[in-house]
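Since the structure comes first, as structure tokens, the remarks are kept for the end.
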Amino acid sequence: MRTQQVGLTRGGRDADDGWEVAHPLGGSSLEGVAMAGFRARAAAGLDMRVLPQPAVIVVIGLGETRLAVDSPCGHRPVTNLVASMTPGPARIRGERVECVEVRLTPRAAYTVLGVAPHELHGSVTSLEDLWGPRARRLGARLADTGSWAERLALTDAFLTERAAAAPAMSPEVAGVWDTIVARRGRVRITDLAASCGWSRKRLWSRFGAQIGLTPKRAAMLVRFDHAARALSSGASIGDVALACGTPTSPISIATYWHSRGSRRAPWPR
């Protein structure tokens, strides 16, 4: 594993929101994995609604961190969590939050989580449901580690070890996902099926089994995520609607963007 360098963000939106953020400048050793460390510096703590995005999010709480997840399944206190790409209506709250967040592409999630993304059942759940006692032990080790550089390097090593012993996603499914992302969701399902030599039915079945979404739903998710990023950069709603293609109307983008505006969360997009 290559040496990690960590840059601590002290300024901009994160500092204004009361969060100390540490990023590994060298990135992760694994493709499709991004991580950061977060510490709340204000009394307000965390209060966020979880919204769909083209990544699986893992949050590992440190020390005294306690998170409360409210969803249609009820209220659940957790110290760590994993959120699927389409988590359904859920709200996460916490005070004095200190955590490591890991953002996984579907291919990386398939490798390091130990389950295919579709087995997350569109939910926000405790990481211990997937990793058992190993999730608690990892959190304890991170809490006992003195610096963000060491914490992020430890997390990277843990994920790398898991990936080394895990099966890889089907190359055809991985290739279709990469195409959807590269084209920002503006794809035709027939063309995707042809690119891997499958029928539409076979693509629908294999892609859904490993990604957890249909190809059409995945393309829509990527398209809207790109729209949200463009809007956050200052683009107008009308321009974003045109850039994202006719299936994405200005009204639907506006609704999506306003819902993102209520997302008070430390972990970045």
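The values are calculated or read from the model by the stated rules, or taken from the named source; none is laboratory data. For clarity, every value in this text was computed on a predicted model and none was experimentally measured. So basically every Cβ, Gly included, is an ideal-geometry build from the backbone, and we count neighbours across all protein chains shown. Ligands, DNA and RNA are stripped out before the accessible areas are found, and what is left, the full protein with its side chains, is counted by its heavy atoms. Shrake-Rupley method; radii C 1.70, N 1.55, O 1.52, S 1.80 Å.
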Being in contact with a Ser or Thr (Cβ under 9 Å, 6 or more places away or on another chain), at pLDDT below 90 and over 30 Å from residue 207 (Cβ atoms), is that true of even one residue in the range 52-65? yes
How do the pairs read when you match residues in the range 162-189 that are in contact (Cβ under 8 Å) with a residue 24 or more places away in the chain with residues anywhere that are open to solvent by less than 20 Å² (accessible area, probe 1.4 Å) and among the β-branched types (Val, Ile, Thr), using Cβ under 6 Å and keeping only pairs 6 or more apart or on different chains? 162/112; 163/112; 180/222; 181/222; 185/222; 187/180
Can you pull out every residue in the range 176-229 that is small (Gly, Ala, Ser), out of contact with any Phe, Trp or Tyr (no Cβ under 9 Å at 6 or more places or on another chain) and crowded, with 16+ Cβ neighbours inside 10 Å? 208, 212, 219
Top-ranked residue of the range 25-44 - restricted to ones that are surrounded by fewer than 16 Cβ atoms within 10 Å (Cβ to Cβ) and within 23 Å of residue 96 (Cα to Cα), ranked as modelled with the highest pLDDT: 41
How many residues of the range 58-82 are over 13 Å from residue 46 (Cβ atoms), open to solvent by less than 10 Å² (accessible area, probe 1.4 Å) and part of a strand (DSSP E or B)? The answer is 4
Count of residues meeting criterion [touching a residue at least 40 places away in the same chain (Cβ under 8 Å), within 14 Å of residue 54 (Cβ to Cβ) and part of a helix (DSSP H, G or I)] in the range 190-222: 5
Qualifying residue in the range 168-175 (condition: small (Gly, Ala, Ser), assigned to a helix (DSSP H, G or I) and open to solvent by less than 70 Å² (accessible area, probe 1.4 Å)): yes
Could you list, in sequence order, the residues of the range 143-153 that are in contact with a Ser or Thr (Cβ under 9 Å, 6 or more places away or on another chain), closer than 13 Å to residue 27 by Cα and open to solvent by 20 Å² or more (accessible area, probe 1.4 Å)? 153
